[in-house]
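Take a look at the structure below.
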Amino acid sequence: MQKKCPRIVLRLVFGVWRGASCVIYHKLAFANNFKETNMSKLSGGRSKEDPVFDKFKIQVESLGVKIDNIDETGFIYVSQRDLSIRINLDNVRKNYYRDKDETHIANLVNTILAYFKEIPSNWADARDAIYISLFPNDQDLKECIHQRITDEFCKGYIHREEEKETWISNDDLKKWNISEDELEKQAHKNADNLLASTAITFDTIEGRKLGLIEVEQTSLKGALLFAPAMKEKVKIDLGFPFYAVIPVRDFCYLFSEKDFDFFAERIGEVVVDEYKKSGYPITTEILKFGDDGIEAVGKYPTE
């Protein structure tokens, strides 16, 4: 009988991308135009009970954020002063019903409040909060700085402060007067600094080690695999190269090359379950981290 591997449920934060004419929340769908819709959807016009929306509405309005409209696709438009953003609650609903935890709603509300604060205009003030973040290739992030990693996902760059994650665009590079290479070097430096204070714990299953990254900033968990210092961090326990799965951004497994067959046969169900249930899926691929970079060596089917 296959032995299932453990799942640790941790808190999520929510990403936001800020550009000249649009904002991306959750599903990263562009809000280029403000659509007028039936305001009855804000109250009794909804066809079924939606406790996530009800709790969200109470919390944002109590903090002075106005819900202006809900369009025909379910996107919610909120505003404060002269700024408006478009929000999709689908990912919050997924995580709320998965974990039975209202913290997901509160985190979104806090992120919306943080959104109204601009990221620093000076590179010296911004650079210590620059990190790598991961997202699926089917997300439309053409305006942000990103590189394709596999056929399934990309890595981009974010400014992370007070639970707010803002995708970095070319406009930000121009504002800071830096190159993309400088941005990447700073993200690697910050990742190495964070990794130095991050524990990697190991569950022993039939004498074989399965690694888990324990970091308070859980949305950066998968991205820490890309820290240059990760090689030395895991070398004693796992050797190098090593393998990992990142089904969602706040959850990953690490294991050694010699234990590849053992774990590849056992973790598939957990990987697919996490991928399907989370609001922030990344990939069901098995990834090899080696001197030649990152390579997808297999993929668990989702159907």
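The values are calculated or read from the model by the stated rules, or taken from the named source; none is laboratory data. It should be emphasised that the depicted structure is a prediction, and the values quoted were computed from it without experimental measurement. Backbone-built Cβ (ideal geometry, glycine too); neighbour counts: all protein chains shown.
Data for the structure
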{"read-out": "Among residues of region 84-111, those that are out of contact with any helix residue (DSSP H, G or I) (no Cβ under 8 Å at 6 or more places or on another chain) and farther than 18 Å from SER278 by Cβ, counted", "value": "3"}
{"read-out": "Answer from ASP261, ASP273 - the residue that is farther than 22 Å from ARG93 by Cα and assigned to a helix (DSSP H, G or I)", "value": "ASP261"}
{"read-out": "Candidates LEU195, LEU212, LEU224, LEU173 - the one that is in contact with a Phe, Trp or Tyr (Cβ under 8 Å, 6 or more places away or on another chain) and aliphatic (A, V, I, L, M)", "value": "LEU212"}
{"read-out": "Qualifying residue in region 197-209 (condition: touching a helix residue (DSSP H, G or I) at 6+ places or on another chain (Cβ under 7 Å), loosely packed, with under 15 Cβ neighbours inside 10 Å, under 23 Å from ARG160 (Cα atoms) and of a type outside the set (A, V, I, L, M))", "value": "no"}
{"read-out": "Qualifying residue in region 207-217 (condition: on the phi > 0 side of the Ramachandran plot and over 17 Å from the mean Cα position of the chain (by Cα))", "value": "yes"}
{"read-out": "Test: residue in region 202-210 that is assigned to a loop (DSSP other than H, G, I, E, B), among the β-branched types (Val, Ile, Thr) and out of contact with any His (no Cβ under 9 Å at 6 or more places or on another chain)", "value": "no"}
{"read-out": "Checking PHE202 against (1) among the aromatic types (Phe, Trp, Tyr); (2) at pLDDT below 95; (3) assigned by TED's automatic domain parsing to the domain that holds PHE260, the condition it does not meet", "value": "(2)"}
